[in-house]
Number of protein chains: 2
Amino acid sequence: MTTYSAPTRDQMFLMFDVLGIDKHANIPGFDDMTPDLASAILDEAGKLASEVLHPLNQSGDEEGCTWTDGVVTAPTGFKEAYDLYCQSGWQSLTANPDFGGQGLPQTLGLAVSEMMIASNWGFAMYPGLTKGAAEAIEAHATEELKNTYLPKMMTGEWSGTMNLTEPHCGTDLGLMRTRAEPQADGTYRVTGTKIFISAGEHDLSDNIIHLVLAKIPGGPEGSKGISLFIVPKFILDENGNPGERNGVSCGSIEKKMGVHSNATCVMNYDEAAGYLVGEEHKGLMAMFTMMNEARLGVGMQGLGVAEVAYQNAAAYTNERLQGRSITGKKNPEGPADPIIVHPDVRRMMMTSRAFTEGARGLALWMGLQVDMLQRHPDEEVRAQADDLVGLMTPVIKAYFTDMGVEVAYLSQQCYGGHGYIREHGMEQFARDARIAPIYEGTNGIQAMDLVGRKLGAKNGAAVQAFMALVQESVAANGDHDTLAPLAKRLGDALGHLQQGTMWLLQNGMANPDNAGAAAVDYLRIMALVSMGYVWLMQARTAADKLAEGTENEAFMKNKLITARFFFERMLPDTIAHLTKLEAGSESMMDLDADAFLAS
Amino acid sequence: MTTYSAPTRDQMFLMFDVLGIDKHANIPGFDDMTPDLASAILDEAGKLASEVLHPLNQSGDEEGCTWTDGVVTAPTGFKEAYDLYCQSGWQSLTANPDFGGQGLPQTLGLAVSEMMIASNWGFAMYPGLTKGAAEAIEAHATEELKNTYLPKMMTGEWSGTMNLTEPHCGTDLGLMRTRAEPQADGTYRVTGTKIFISAGEHDLSDNIIHLVLAKIPGGPEGSKGISLFIVPKFILDENGNPGERNGVSCGSIEKKMGVHSNATCVMNYDEAAGYLVGEEHKGLMAMFTMMNEARLGVGMQGLGVAEVAYQNAAAYTNERLQGRSITGKKNPEGPADPIIVHPDVRRMMMTSRAFTEGARGLALWMGLQVDMLQRHPDEEVRAQADDLVGLMTPVIKAYFTDMGVEVAYLSQQCYGGHGYIREHGMEQFARDARIAPIYEGTNGIQAMDLVGRKLGAKNGAAVQAFMALVQESVAANGDHDTLAPLAKRLGDALGHLQQGTMWLLQNGMANPDNAGAAAVDYLRIMALVSMGYVWLMQARTAADKLAEGTENEAFMKNKLITARFFFERMLPDTIAHLTKLEAGSESMMDLDADAFLAS
């Protein structure tokens, strides 16, 4: 019953008009990136998303994955869709040409991945995990391992997973029990149980390349003694083809709230052959390569689910007739007005829209930073991009996913009681959205990463650079006819960010609980300021286009209205977050732990 | 896997120490209300909730209701639990003794209903709907109808429903198509289709008394031409016992996101015998009696689900070992500290706790107002209570249910990945909680009710009276050693409420869209201020008890800590809501309706 259409026009506006990616021809992969080529690629991806993947979204949820004696089967239609996805080359879009990739910009890749996720979250996780695993292998494994595994992963013939969590150990990986015993031939035997392994077993690909964290006996205690291994489902034969079955199997799959079409597996490793990736005991660092990529990807899930939920709510609120506008009938011929006339329905729809368009802008801006960090010829540019990406990764992961839940909620709310019923599909979005604030590091962990690690790195260089960018934009638009009020509000919010940063410097050192207590509010301030930064960029582009004359006048005007809504109705939360943050940790920490148990 | 224990101690503290209900002996039903009696009743209710109802909560969700050829069967164990519930007299606890009720205070009834809802939401809806239907019949029907139906409804032998919604008509009841044709004998023949009828059909009671809204042909257009009817599932025979089957049947039940143990029915009326309740065409007013009761009940669902989710998260965060406190090991013997040591876990737990304890206080304060409005001998007291109940009903319905979703979210978040898995039961709370902001008038409709109807009634007498109460409390605690900082913050928030009220007066008349655009933010400000009002009351009681010496020292100290958390970490949102509200409706309304459709 739900539909999806790719937001290609907005993506083109953002990539070319706002970010000007065609001006970055000096970055490898950008040289051919003309609007025509980008538009052709996005159109193709959009077709796959709307016509192939989205029609499998509700049926995939309803049917789910099945597990029988260790064999996991994806829902009907998924195998065919996966084959089409791979044959059309989507898996290798942005990958390194040395291993068969097409080398196109990550910026473009993010635009495509938004579509795949929005149209079918559960499906999109299969290739998404492969991409993350391949990038970790590329960054840390030996040439031999890269040449052995990457080419088939880039075609999608083989898929990938990441195995971190164990029953007693999620966030705290130091508690890990999975062992890897070194063998005489330089390989390892991996033994242990991993849980919550997405796409851990399925029938879509010919081989599954598990990246597994494990401890080599005798290594350092805690998280400093963790190593990373490739453990293929099928051990490769002498020709590099999947041969005998490795000692890894899927013990069961979880019944869960949503994302039913992607199996969440218990994976049992029993002396499985494993191949070390990177150095012994340095596995966590190698896994971080994959996790940063994955965190940005999870942020995109928040955006994707928000977009598809918003689109369906837009259709419904334009069709559903109920009540009359308080300023006079808007549909006098009909028995009632469409509910989009009611201010509170507008509030929900505009909040959703201001989020999705702002977040899309921020994600693509971030994609450009990733491209610069990975590929730019100038080392200084790479370093600065690296700082910004490090700073913004937890912000995007946490804010986008919380807002994915919020927009799914608002869109479902627009349907009234019909939103709670399965057939309309809105409740699936709400169920699917809920995992994203939890996995790949809970949003609380993201906030601690921001405050505890990213903020202080290099004496705060990243946050200073970011605030300087925002300050520049505030100054550049402060006298603009239309945009001055928006710039003023962004300046206020930036002030809150500066004040919050100062408070953390002064109080977080003295009592680390203050930093922990402030973390989520601080992250939210930074998220709102960065959304404001990107919204002001979009508004400025729209205002400039309108001033010089454009064919897309309505589109540009709508950008200005939506920008204004963001600054007037969403950005003001920064002051509340600052007030909370400045209250410190006492009232949060004073209760005895067991007092929570007494009712 | 989940557990529930009734918050009896907190309820006793609120009813006797804070609200002093034993000082209201002049209200009928309160004369015997000693702490001993109340405590005995709450203990019994708590046992039923923890030992009988809660063990059926997860199994009821998993199994759901079944529909076969019009027959609906509740999940295994529900019939036995329902019989026990009725035989123990819980159905008639607060009901009018004239019809077999026990006449105990509604305040106490709310405390009991919190337990039933928290332990098993789907179950609690069956008796909850009966109570609402009985109260509407009592308030509006003839003596004959009352004597015919009420006694059996008060024992629970017969249950009740409310039938408003039709496929094309939810909020806008004026579009209703169900017809009631007058018959020569004074009865009516009701024909039409109603949807989303909770407990519309089931196997728990011997008869189901449907309250049905329908139009009598020839009556006024729109919502002014709606009448209310009793339509029993079985027509009564000459002895008043269920006889032949009436022309009403359940066409199907909905597959929905949650609350699986309570069937949501499509009800088909085909010339069913109906009996007019109240006057012709005045049905909506009669139904409002039931709806106000129901809205408070739905608010209690928000509180109930928050409480049970919080309790389970409290247990989990005390058990789950993961990471070390940033201020030094708290469990040095163990492999890691329990996660309750981490500030951000505390933030989630304290937010939940500050909501549940505050909301419980506000609900019981509201219960006392309901008792006064219904039973107080002094007409002026009744009138003032009526104003406050009218004002606060939409606030409680909307705020409590949004917070029910929020606390279910936070509690689920405390479980990490385990929160997303069925077996732990946390995802059920999240799914169940989601219906409450939708039904009984969406939360947007509640906000419009507050701003469009309640605020202006009697020249704003209700809101003025409410603000005077808060002002008094701020003044009374402004010089208190411990409480002055809290009173100061409440005073600030009250200022925001006053400023928002003023803004609405000045701008809502000029452009009604401004009122609509402001409604949800205004409601949230009022909710936070009323929570602050009740929190300051609780804190004052706790401080007084500590000053005079008490056996419950730890309990009272924890109240002060939790109060402080509320004022420091939750109340500050008022300033953000005021800023948004004052932005007006332009950026919300400026987009063309069809612009939402273009991507």
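The values are calculated or read from the model by the stated rules, or taken from the named source; none is laboratory data. For clarity, every value in this text was computed on a predicted model and none was experimentally measured. Note that we place each Cβ from the backbone using ideal geometry, even for glycine, and neighbour counts take in every protein chain shown. Areas reflect the complete protein model, heavy atoms only, side chains present, ligands, DNA and RNA absent. Shrake-Rupley method; radii C 1.70, N 1.55, O 1.52, S 1.80 Å.
Results, tabulated for the structure shown:
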| item | result |
| --- | --- |
| Residue in the stretch B:296-316 that is open to solvent by 10 Å² or more (accessible area, probe 1.4 Å), more than 20 Å from B:Gly192 (Cβ to Cβ) and touching a strand residue (DSSP E or B) at 6+ places or on another chain (Cβ under 8 Å) present | no |
| Output for the stretch A:133-153, where each listed residue is under 20 Å from A:Ala81 (Cβ atoms) and not hydrophobic (A, V, I, L, M, F, W, C) | A:Lys152 |
| Given (1) surrounded by fewer than 22 Cβ atoms within 10 Å (Cβ to Cβ); (2) in a helix (DSSP H, G or I), number of the condition B:Val72 does not satisfy | (2) |
| Cross-chain or 6+ apart pairs with Cβ under 7 Å, the stretch B:578-595 first and at the interface with chain A (Cβ under 7 Å from one of its Cβ atoms), then acidic (Asp, Glu) and open to solvent by less than 50 Å² (accessible area, probe 1.4 Å) | B:Lys580/A:Glu568; B:Lys580/B:Asp521; B:Ala583/A:Glu568; B:Ser585/B:Asp513; B:Ser587/A:Glu568; B:Met589/B:Asp513 |
| Criterion (part of a loop (DSSP other than H, G, I, E, B), open to solvent by less than 10 Å² (accessible area, probe 1.4 Å), on the phi < 0 side of the Ramachandran plot and within 12 Å of chain B (Cβ to nearest Cβ)) met by exactly one of A:Ala398, A:Ala336 | A:Ala336 |
| Of the criteria (1) in contact (Cβ under 8 Å) with a residue 12 or more places away in the chain; (2) under 26 Å from B:Met366 (Cα atoms), which one B:Pro97 fails | (1) |
| Subset tally (residues that are more than 19 Å from B:Ser88 (Cα to Cα) and surrounded by fewer than 22 Cβ atoms within 10 Å (Cβ to Cβ)) for the stretch B:104-153 | 9 |
| Qualifying residue in the stretch A:493-500 (condition: facing chain B (nearest Cβ under 8 Å) and either under 24 Å from the mean Cα position of the chain (by Cα) or open to solvent by 10 Å² or more (accessible area, probe 1.4 Å) (or both)) | no |
| Options B:Met526, B:Met509; residue that is more than 29 Å from A:Asp594 (Cβ to Cβ) and more than 14 Å from chain A (Cβ to nearest Cβ) | B:Met526 |
| Residue ID - farthest from B:Ser59 (Cα to Cα), chosen from residues in the stretch B:258-270 that are out of contact with any Asp or Glu (no Cβ under 8 Å at 6 or more places or on another chain) and either open to solvent by 10 Å² or more (accessible area, probe 1.4 Å) or part of a loop (DSSP other than H, G, I, E, B) (or both) | B:Asp270 |
| Whichever residue in the stretch A:403-417 is crowded, with 21+ Cβ neighbours inside 10 Å and of a type outside the set (A, V, I, L, M) and, among such residues, is farthest from A:Gly29 (Cα to Cα) | A:Gly416 |
| Residue tally, condition without any contact (Cβ under 8 Å) to a residue 24 or more places away in the chain and of a type in the set (S, T, N, Q), over the stretch B:177-225 | 1 |
| Considering residues of the stretch B:425-441 that are facing chain A (nearest Cβ under 10 Å) and in a helix (DSSP H, G or I) only, the residue surrounded by the fewest Cβ atoms within 10 Å (Cβ to Cβ) | B:Arg431 |
| Residue list for the stretch B:117-129, filter: in a helix (DSSP H, G or I) and not hydroxyl-bearing (Ser, Thr, Tyr) | B:Ile117, B:Ala118, B:Trp121, B:Gly122, B:Phe123, B:Ala124, B:Met125, B:Pro127, B:Gly128, B:Leu129 |
| Qualifying residue in the stretch B:282-292 (condition: in contact with a helix residue (DSSP H, G or I) (Cβ under 6 Å, 6 or more places away or on another chain), under 30 Å from A:Met257 (Cα atoms) and surrounded by fewer than 24 Cβ atoms within 10 Å (Cβ to Cβ)) | no |
| Test result for B:Met448, away from chain A (no Cβ under 14 Å), in a helix (DSSP H, G or I) and not basic (Lys, Arg) | no |
| Selection within the stretch A:75-99 - assigned to a loop (DSSP other than H, G, I, E, B) and open to solvent by 50 Å² or more (accessible area, probe 1.4 Å) | A:Thr76, A:Ser88 |
| Residue that is farther than 20 Å from B:Tyr420 by Cα, in a helix (DSSP H, G or I), out of contact with any His (no Cβ under 7 Å at 6 or more places or on another chain) and within 14 Å of chain B (Cβ to nearest Cβ), where the choices are A:Glu135, A:Glu114, A:Glu144 | A:Glu114 |
| So A:Leu560, is it within 12 Å of chain B (Cβ to nearest Cβ), open to solvent by 10 Å² or more (accessible area, probe 1.4 Å), closer than 25 Å to A:Met350 by Cβ and touching a residue at least 40 places away in the same chain (Cβ under 8 Å) | yes |
| The stretch B:494-523, subset among the polar types (S, T, N, Q) and outside any loop (DSSP other than H, G, I, E, B), residue nearest to A:Gly328 (Cα to Cα) | B:Asn514 |
| Test: B:Asn514 is away from chain A (no Cβ under 12 Å), closer than 23 Å to B:Ala461 by Cβ and more than 26 Å from the chain's Cα centre (by Cα) | no |
| Subset of the stretch A:237-262 (residues that are within 14 Å of another protein chain (Cβ to nearest Cβ) and closer than 16 Å to A:Arg431 by Cβ) | A:Glu254, A:Lys255, A:Lys256, A:Met257, A:Gly258, A:Val259, A:His260, A:Asn262 |
| Wholly within the stretch B:161-227, strands (runs of 3 or more DSSP E) carrying at least 1 residues that are more than 14 Å from chain A (Cβ to nearest Cβ), surrounded by fewer than 16 Cβ atoms within 10 Å (Cβ to Cβ) and of a type in the set (D, E, K, R) | B:179-182 |
| Which listed residue, of A:Asp371, A:Asp344, A:Asp378, is open to solvent by less than 10 Å² (accessible area, probe 1.4 Å), among the charged types (D, E, K, R) and either free of Cβ contacts under 8 Å to residues at least 24 places away in the same chain or touching a Pro at 6+ places or on another chain (Cβ under 7 Å) (or both) | A:Asp371 |
| Verdict on B:Leu591 being in a loop (DSSP other than H, G, I, E, B), of a type in the set (A, V, I, L, M), closer than 16 Å to B:Ala517 by Cα and open to solvent by less than 10 Å² (accessible area, probe 1.4 Å) | yes |
| When residues of the stretch B:543-557 are limited to those that are more than 9 Å from chain A (Cβ to nearest Cβ) and touching a Lys or Arg at 6+ places or on another chain (Cβ under 8 Å), the one most open to solvent (accessible area, probe 1.4 Å) | B:Asn552 |
| Residue selected from the stretch B:8-26 under the condition buried (at least 18 other Cβ atoms within 10 Å of the Cβ) and not in a helix (DSSP H, G or I), by the criterion farthest from the chain's Cα centre (by Cα) | B:His24 |
